[in-house]
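The values are calculated or read from the model by the stated rules, or taken from the named source; none is laboratory data. Note that the coordinates shown come from a computational prediction; the quantities given were computed from them, not determined experimentally. Here the Cβ positions follow ideal geometry from the backbone for every residue, glycine too, while neighbour counts run over all protein chains shown.
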Amino acid sequence: MVRTITVHSFKGGTGKSTITANLATALAARGRRVGVMDMDLEGPGLHVIFNITPEEVKHTLNDVLLDAVSPDEAVIPMNGRLGLEAGSLYFSPASVRVGEMLRTLRTGFELESFSRAIAKLGTSFKLDYVMIDTHPGIENDTLLVMGVCDHLVIVSRIDQQDIFGTGVVVDIARTLEKPAHLVVNMVPKGLKASDASKLVKGIGHHFKVDVAGWLPFSDAVQSSLSKSVFILTNPRDAVASRFQDLAKQLESYN
């Protein structure tokens, strides 16, 4: 049965899309069959990380949500593009055309129809996981995506506004009865690993939320400019190893 993991953050700029792309790729490299959905309908960016130009996209999730095409028609196989030899990775992009973005947001979409789209993808491609990248903040579309997931990964930085927002998202997850897992990203380089772990554990304890792990601030990740999947272009980097550890952690969630 397919497991749905939503990756969300209260604020933008947390590295949420980078984390989604790398975790999905790491799961595929571990032999899993993974679908990735870009549900940041207001500011999609996964296509950039996956090196896909808008001209290559025939159908998008916007078309699916408007019932214009079947979910499996808005899928791009990624193994050949990324050079993945194990597992399978499939990408469902969002539209970058302003008119289509606005039309989808104005029309809205229902929990049941979105759940059916995920189920259809899972069945058509025999998926183990569907990972969903969301629009940051608390809006109707993000609440809907949180409502259908099996697990919610909350991405935060060590920033007062981010930490406050994380508390809000944790409360929503609790209300929706969704298991939530915290990933703290861009931890300042000046902190020792032991101190960073203690700090992140403290944040998790404060909000009574499971801590999946943390990622240090990385010049290498920043210099990649979100134009590639980091674990593929920098496999020996320490941050790539941390992405792999997070992927293993996701596999432990039932």
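Observations
- Residue tally, condition over 16 Å from K11 (Cβ atoms) and either among the aliphatic types (A, V, I, L, M) or in a loop (DSSP other than H, G, I, E, B) (or both), over the stretch 128-145: 7
- One residue alone among Q222, Q160, Q244 is among the polar types (S, T, N, Q), surrounded by fewer than 21 Cβ atoms within 10 Å (Cβ to Cβ) and either in contact with a helix residue (DSSP H, G or I) (Cβ under 8 Å, 6 or more places away or on another chain) or closer than 24 Å to G122 by Cβ (or both), and that residue is Q244.
- Answer residue from the stretch 92-127, given it is part of a loop (DSSP other than H, G, I, E, B) and out of contact with any helix residue (DSSP H, G or I) (no Cβ under 6 Å at 6 or more places or on another chain) and is modelled with the lowest pLDDT among those: R97
- Residue in the stretch 159-180 that is nearest to A196 (Cα to Cα), counting only those that are among the acidic types (D, E) and part of a loop (DSSP other than H, G, I, E, B): D159
- Reported count of residues in the stretch 139-161, each being within 16 Å of S17 (Cβ to Cβ) and of a type in the set (D, E), is 1.
- Residue that is surrounded by the fewest Cβ atoms within 10 Å (Cβ to Cβ), among those in the stretch 23-63 that are outside any strand (DSSP E or B) and among the β-branched types (V, I, T): T53
- Test: residue in the stretch 2-10 that is modelled with pLDDT under 95, over 22 Å from S156 (Cα atoms), touching a Phe, Trp or Tyr at 6+ places or on another chain (Cβ under 8 Å) and not basic (K, R): yes
- In the stretch 197-254, the residues that are within 19 Å of L84 (Cα to Cα), outside any helix (DSSP H, G or I), under 18 Å from the mean Cα position of the chain (by Cα) and modelled with pLDDT of 95 or more: V229
- Yes/no for L144 being farther than 23 Å from V34 by Cα and at pLDDT below 95: no
- Scanning the stretch 163-185 for residues that are among the basic types (K, R) and either surrounded by fewer than 16 Cβ atoms within 10 Å (Cβ to Cβ) or out of contact with any Cys (no Cβ under 7 Å at 6 or more places or on another chain) (or both) turns up just one, R174.
- T14 being surrounded by 23 or more Cβ atoms within 10 Å (Cβ to Cβ), outside any loop (DSSP other than H, G, I, E, B) and in contact (Cβ under 8 Å) with a residue 24 or more places away in the chain: no
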